[in-house]
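First the structure, then my questions, so here it is.
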Amino acid sequence: MSTSPTDPQGSRKALVVVDVQNDFVEGGSLAVTGGRDVATRISEHLAAHAAEYVAVVASRDWHDAHGTNDGHFAEPGTDPDFVRTWPVHCVSTTGGSDYAPELDTSRVTHHVRKGMGVAAYSAFEGVTDDGSTLQALLDDLGVTELDVTGIATDYCVRATVLDARRAGFEVRLLDGLHAGVAPASSAAAVTEMAEAGVLV
């Protein structure tokens with residue numbers, strides 16, 4: 001039996017790839033500038049470093065096709081405020097919810113879906129295909145450290161990272177492997193993450 005990857009101190013590390021989906025990269029309904037480039041860079045990182053992780057977890061927004069998903073989508077005929085309400089995105093029955101083609105998912109070991117009928121930003125709000133929470137999955141694998149990548153720095157990446165810190169994980173935000181909605185809010189998010197003890 002092969003042993004799981006550990007560092008010299010015995011920690012066990014996982015990678016979380018947050019919401020690298022068609023609707024969040026260029027051409028999508030909530031496109032983030034640089035999203036496709038980040039997807040490519042994450043794939044390159046996986047090609048070089050996948051063996052260092054006990055798990056590679058990819059999360060996706062997975063919203064219902066009908067209704068506003070508990071107010072997460074702007075009401076029909078109204079404009080989203082881009083704070084609490086958003087344009088329709090990542091509907092589970094559309095290609096917008098699919099992973100961006102630049103993201104190589106062949107090394108992903110677990111998939112997490114979140115936002116099924118409700119607003120959800122953090123990957124820790126989602127569940128795996130067998131219904132486990134991300135927290136339960138990581139605990140079962142004995143994970144102590146997380147590397148986090150994905151989209152968007154100032155929203156779902158931020159929420160995931162801060163939840164990870166609250167859960168007691170050591171967290172590293174991988175430079176160049178995340179993209180944000182806006183420069184100012186992304187910079188503020190990175191500062192907030194650093195103040196929470198995240199290596200950025």
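Just checking, how many residues over segment 129-162 are under 24 Å from ARG41 (Cα atoms) and of a type in the set (Asp, Glu)?
Going through segment 129-162 one residue at a time, the tally reaches 3.
Go through segment 24-59 and give me each residue that's among the acidic types (Asp, Glu) and in contact with a Pro (Cβ under 9 Å, 6 or more places away or on another chain).
The one that is among the acidic types (Asp, Glu) and in contact with a Pro (Cβ under 9 Å, 6 or more places away or on another chain): GLU52.
Taking ALA189, is it buried (at least 23 other Cβ atoms within 10 Å of the Cβ) and either in contact with a Gly (Cβ under 6 Å, 6 or more places away or on another chain) or closer than 20 Å to PHE82 by Cα (or both)?
yes
Report the residue count in segment 108-122 for those that are under 14 Å from the mean Cα position of the chain (by Cα) and on the phi > 0 side of the Ramachandran plot.
1
Among ALA14, ALA47, ALA31, ALA65, which is the only one that is in a helix (DSSP H, G or I) and either at pLDDT 95 or above or more than 21 Å from THR160 (Cβ to Cβ) (or both)?
Of the residues listed, the single one that is in a helix (DSSP H, G or I) and either at pLDDT 95 or above or more than 21 Å from THR160 (Cβ to Cβ) (or both) is ALA47.
Go through THR144, THR128, THR153 for me and flag whichever is within 17 Å of HIS111 (Cβ to Cβ) and not basic (Lys, Arg).
None of the other options fit; the residue is THR128.
Which of the following residues is closer than 18 Å to THR149 by Cα and either among the hydroxyl-bearing types (Ser, Thr, Tyr) or over 18 Å from the mean Cα position of the chain (by Cα) (or both): THR85, THR105, THR94, THR68?
Going through THR85, THR105, THR94, THR68 in turn, the sole match is THR105.
Quick one: is GLY77 farther than 22 Å from VAL32 by Cα and either aliphatic (A, V, I, L, M) or surrounded by fewer than 19 Cβ atoms within 10 Å (Cβ to Cβ) (or both)?
Here the answer is yes, as GLY77 does meet what is asked.
Pick out the one residue from ASP130, ASP175, ASP163, ASP140 that is in contact with an Asp or Glu (Cβ under 9 Å, 6 or more places away or on another chain), among the acidic types (Asp, Glu) and surrounded by fewer than 20 Cβ atoms within 10 Å (Cβ to Cβ).
ASP163
Would you please list the contacts, defined by Cβ atoms under 9 Å and residues six or more apart or on different chains, that run from a residue in segment 46-58 that is touching a residue at least 60 places away in the same chain (Cβ under 8 Å) and on the phi < 0 side of the Ramachandran plot to a residue that is surrounded by fewer than 14 Cβ atoms within 10 Å (Cβ to Cβ) and part of a helix (DSSP H, G or I)?
Going by the 9 Å Cβ cut-off, the qualifying pairs are LEU46/SER106.
Let me ask something additional. Under 21 Å from VAL157 (Cα atoms), of a type in the set (Val, Ile, Thr) and surrounded by 13 or more Cβ atoms within 10 Å (Cβ to Cβ): is that true of VAL83 in this structure?
No, not satisfied.
The values are calculated or read from the model by the stated rules, or taken from the named source; none is laboratory data. The structure presented is a predicted model; accordingly, all values stated were derived computationally and were not measured. Here the Cβ is made from the backbone with ideal geometry for all residues, glycine too, and neighbour counts use every protein chain on show.
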